[in-house]
Every structure is written in C-alpha cells, then in structure tokens.
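FYI, it's all coordinate maths here, none of it is from the lab. This one's a predicted model, so the numbers in the text were calculated from it and none came from an experiment. As a convention, Cβ positions derive from the backbone with ideal geometry for all residues, glycine included, and neighbour counts pool all protein chains shown.
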Amino acid sequence: MTLLITVISAVASTIIWYFNENRDKYKLGTLSLIYWGASLMWLMDFVFEYAELKAEYFVQEFADILNDSLLGVAVVTLGLVVWVVILLFKDPKDVFKKKFSNK
Amino acid sequence: MACFVVPTAEAVVVTVAYFAAKKAEKKITAPEHSGETRLELNEAGITWSKRLSWLMGLLWGGVILLAFEHFWHGEIVPFPPFLSAMSSPEDTAEMLHEMATVGVSMALTVTAVWGLICAFAQLKIKKIKAADKA
C-alpha cells in the first residue's frame, strides 16, 4: 500500500508539473522527483519481497494493510513538508524579502 | 533494515559532484540572468549540473522518505547505534546482506531511470533544435 500510495502521488505531482506554467518557480519538479525516487526504491523492495514470498505477499491481514496505508499517507505528507521547506527557503515570490525589507 | 544507506552514500557523492559541476560551469559561462526559468542548456545540450540535480532529487527524496519508513518500523532509533539491526551480530549480518542486495539494486535502479530521463530530455532538445533550424 505504501508503494501504491507513493506511486499515485508521483503520477499526480508529475501531471501537476506538466500542466502548470509556473513549474520551475514553484519547484514542482522537485516534488515529483521526491516521490519518484521513493517509488523506485520501494519498487525494488517489493521485487525482492515478492521473489521471496511469491503470491503470499498479497495475502495480508487488515491491520497490516491499515498500517501500510497510514505509512503511505504519512510518507506523502512528509514529501509535501520537504517540498514546502524548499519552497520557503527559495522564496520564489520574494514574500520574505517584501515582508522584512525596509524599502 | 538499512537498505537506504546505499542510496544515501550515492546521494552524498552525487551532491559533491553537483557542486563541482556547478562551480566549473560558472567559470566558463556568462553571468546568470536573474529570474531565468528555462532549462539550463549549453551547446552540447543540458548542463551536467542540471542533470545531476535531477539525480540528487531522486536520491535524496527517496532516502528521506525511506528513512522515515525505517523509523516507522523501529529500524532506526534515536540513540546509538541508531540502527536496531546493529544490536546483535546475526542482525548485523542480515542487514549487510540486505544492503548488498536490496540497497545496491535501489541505487542502480534510480541511476538507470535517471539515465533514461537524461537521454529522453537530450532527444527532445535535439528534436526541438532540428525543428527550429528547419
């Protein structure tokens, strides 16, 4: 579920990056790369686990699915937090400059 | 267990290479225009600092989120030795095996996908340049 939620986030952020004219200004590419990087790494994790467990991998307890889903949501949130921190640090709209400048 | 350590090591190396490339490109290019939002290009295509910034994004993004997942599962702890797998020799051996298999595969996959992204971008630029000339 974590992999699935992260891939969905990666696809969604890529679509937003593609259709938004301000993609560079708002660092939308960075958000997309964060999710794709994590998706690729979890994909490899999945490949190794699937090779070991085969079809049993998909037989999971409800509690495990819930825990994995919660982790997926938490991971997506963390990705957004990282992106917001980068955005505030880069300050593309000069919000801090305007706010704290004496001129 | 600690598979993300391998991509972390790669991310550190790539970050160093990125800053070195950026420094080298600044020496040979004209002063930057403020507010430039277009893709950074040189005569041969996309600059190496731009290419490496994509790899950095993929690696650091993945590493941060994977480190969080390991923290969630109790595999990273906020006190030494920081990795719970290092508490016993058996677990440490298993951790090293996972790093050598899953960790290396993660790093190779991300790097391979980055290579494909660079090739795709280069191809697109070639096509656009050819269309502009025609």
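For chain A, modelled as a Gaussian network with Cα springs under 10 Å, which listed residue fluctuates most, A:Y35, A:Y50, A:Y26?
A:Y50
Between helix B:5-28 and chain B, what is the angle of the helix's C-alpha long axis to the longest principal axis, kept within 0 to 90° and rounded to the nearest 10?
Around 20 degrees separate the two axes.
For B:I76, what residues show an amide H to amide H distance below 5 Å, using hydrogens built from the backbone and excluding near sequence neighbours?
Those lying under 5 Å, H to H, from B:I76 are B:F71, B:S84.
Could you tell me the center-to-center distance, by alpha carbons, between the stretch A:71-103 and the stretch A:19-37 in angstrom?
13 Å
Could I get the Rg over Rh figure for the protein assembly as shown? Both from C-alpha atoms, Rh via Kirkwood, rounded to two places.
Working: Rg = 20.2 Å, Rh = 19.9 Å.
Computed over Cα atoms, the ratio is 1.02.
If you rank A:R23, B:R51 by fewest surrounding Cβ atoms within 10 Å, what's the result? It would help to have the intermediate numbers written out before the result.
On the way: A:R23 17, B:R51 20.
With the sparsest Cβ surroundings first, the list reads A:R23, B:R51.
Points 7 angstrom from Cα along the Cβ direction at B:T92 and B:V77: gap in nanometres?
A separation of 1.4 nm, rounded to one decimal place.
Under 13 Å from the 7 Å Cα→Cβ point of A:D64, by amide nitrogen: which residues of the stretch A:1-21?
A:1-2
Compute the longest continuous run of chain A that contains no exposed GluC sites (Glu not before Pro); treat a site as exposed when its DSSP state is not H, G, I, E or B and it has at most 14 other Cβ atoms within 10 Å. The partial results should precede the final answer.
Values: sites that count: A:E21, A:E61.
Longest site-free region, per DSSP loop and neighbour criteria: A:62-103.
Which whole number gives the average count of other chain Cβ atoms within 10 Å of the Cβ atoms across peptide A:48-58? Write out the running numbers ahead of the final one.
Numbers: counts 6, 1, 0, 0, 0, 0, 0, 0, 0, 0, 0.
Going residue by residue through A:48-58 and averaging, the value is 1.
Over the stretch A:2-100, what is the mean sequence separation of C-alpha contacts under 8 Å (at least six apart), divided by residue count, expressed as relative contact order in percent? Could the numbers behind the result be given before it?
On the way: 57 pairs, mean separation 39.9, N = 99.
Computed value for the stretch A:2-100: 40 percent relative contact order.
Neighbour counts of other C-beta atoms within 10 Å: give me A:F48, B:F79, B:F4 arranged from fewest to most.
B:F79, A:F48, B:F4
Summarise the long-distance tail of P(r) for chain A by giving the % of C-alpha pairs beyond 23 Å. Spell out each step's value before the answer.
Values: 2144 of 5253 pairs.
Distances greater than 23 Å cover 41 percent of the Cα pairs.
Have a look at chain B and give its Rg and Dmax from the Cα atoms, expressed in angstrom.
Cα radius of gyration and Dmax of chain B are 19.5, 67 Å respectively.
Sort A:68-77, A:91-100, B:82-91 for me by packing, meaning the mean count of neighbouring Cβ atoms within 10 Å per residue, highest on top.
Details: A:68-77: 17.4, A:91-100: 10.3, B:82-91: 13.2.
Descending packing order for the listed peptides: A:68-77, B:82-91, A:91-100.
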